[in-house]
1. Per residue of A:48-59, how many C-beta atoms from partner chains lie within 10 Å of its own C-beta, taken as a mean?
2. In sequence order, what are the phi-derived ³J(HN,Hα) couplings for segment B:63-75 according to the Karplus relation 6.51 cos²θ - 1.76 cosθ + 1.60 with θ = phi - 60°, rounded to whole Hz, with x for glycine and proline?
3. I'd like the FRET efficiency for residue B:18 and residue A:101, computed as 1/(1 + (r/R0)^6) with the beta carbon distance as r and R0 of 25 Å, rounded to 0.05.
4. Going by C-beta contacts inside 10 Å, put A:43, A:11, B:58 in order with the fewest on the left.
5. Hey, what's the Kirkwood Rh for chain B if you take every pair of different alpha carbons, in angstrom?
6. Over the Cα atoms of chain A, each weighted equally, I'd like the Debye log10 I(q)/I(0) at q = 0.11, 0.12, 0.13, 0.21 Å⁻¹, rounded to two decimals.
7. Hey, with R₀ at 30 Å, roughly what FRET efficiency would residue A:63 and residue B:109 work out to, going by the Cβ-Cβ distance, to 0.05?
8. Based only on other Cβ atoms within 10 Å, what is the fewest-to-most ordering of A:40, A:68?
Amino acid sequence: NAGVMQNPRHLVRRRGQEARLRCSPVKGHSHVYWYRQLPEEGLKFMVYLQKENIIDESGMPKERFSAEFPKEGPSILRIQQVVRGDSAAYFCASSQNRNTEAFFGQGTRLTVV
Amino acid sequence: TQLLEQSPQFLSIQEGENLTVYCNSSSVFSSLQWYRQEPGEGPVLLVTVVTGGEVKKLKRLTFQFGDARKDSSLHITAAQPGDTGLYLCAATTPDSNYQLIWGAGTKLIIKP
């Protein structure tokens with residue numbers, strides 16, 4: 001079985017551009033979580049989605065960031081008008097149920113130049 | 001703000017030695033998880049502990065959850081170069097059983 005697939009693995013964007021990060025969960029998983037990891041820091045929760053619904057976006061900046069998990073297709077984390085401070089590794093995890101083990105993808109490393 | 005503090009931040013030892021790394025907080029957690037992360041990869045779950053005082057073993061790794069469920073330790077016996085990596089602890093709180101709160105990690109290097 002394929003694990004959580006994230007793409008691209010590396011993404012370079014100029015300041016002001018848009019970044020789109022994609023996450024395909026483990027087959028059969030309907031719960032997706034996005035985390036951000038800055039260098040030398042732990043992961044920080046951003047958003048929790050279930051198919052077509054945002055359950056908790058308390059960790060996501062209110063401006064420029066949005067996330068979706070459509071009925072068909074991968075979950076998307078979208079960052080508009082990127083700034084240097086958005087440079088980080090973004091990890092997606094998925095789980096079968098709300099409180100079962102979450103499996104992590106390999107991450108997307110975003111670099112804003 | 002609930003914080004998980006991991007210590008030491010960095011540890012470099014010789015193959016065959018034993019080591020212990022710690023994860024501490026002033027908050028009580030519902031569960032605590034240990035992950036290992038390789039460079040350029042995502043975290044991989046090693047173990048979950050939920051009961052105060054619980055001890056779990058995974059080959060040469062021993063995980064303990066504090067009696068008060070505020071802290072945890074990871075002990076590695078006879079460390080091997082393959083144990084090299086970043087060890088992260090993460091926890092869930094009674095308020096949220098899905099949102100993980102993470103420590104900054106212990107970077108472990110085992111020299112052959």
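Each value in this text was obtained by applying a stated rule to the coordinates, not by laboratory testing. Everything quoted here is computed from the prediction, not taken from an experiment. FYI the Cβ positions are ideal-geometry reconstructions off the backbone, even for glycines, and counts take in every protein chain you see.
1. That works out to 1 on average.
2. 10, 10, 9, x, 4, 8, 6, 10, 8, 8, 9, 10, 10
3. 0.30
4. Going from sparsest to densest Cβ surroundings: B:58, A:11, A:43.
5. Evaluated over chain B, this radius sits at 14.0 Å.
6. Cα-only, vacuum Debye calculation for chain A: -0.31, -0.37, -0.43, -1.14.
7. Once rounded, the FRET efficiency stands at 0.15.
8. Going from sparsest to densest Cβ surroundings: A:40, A:68.
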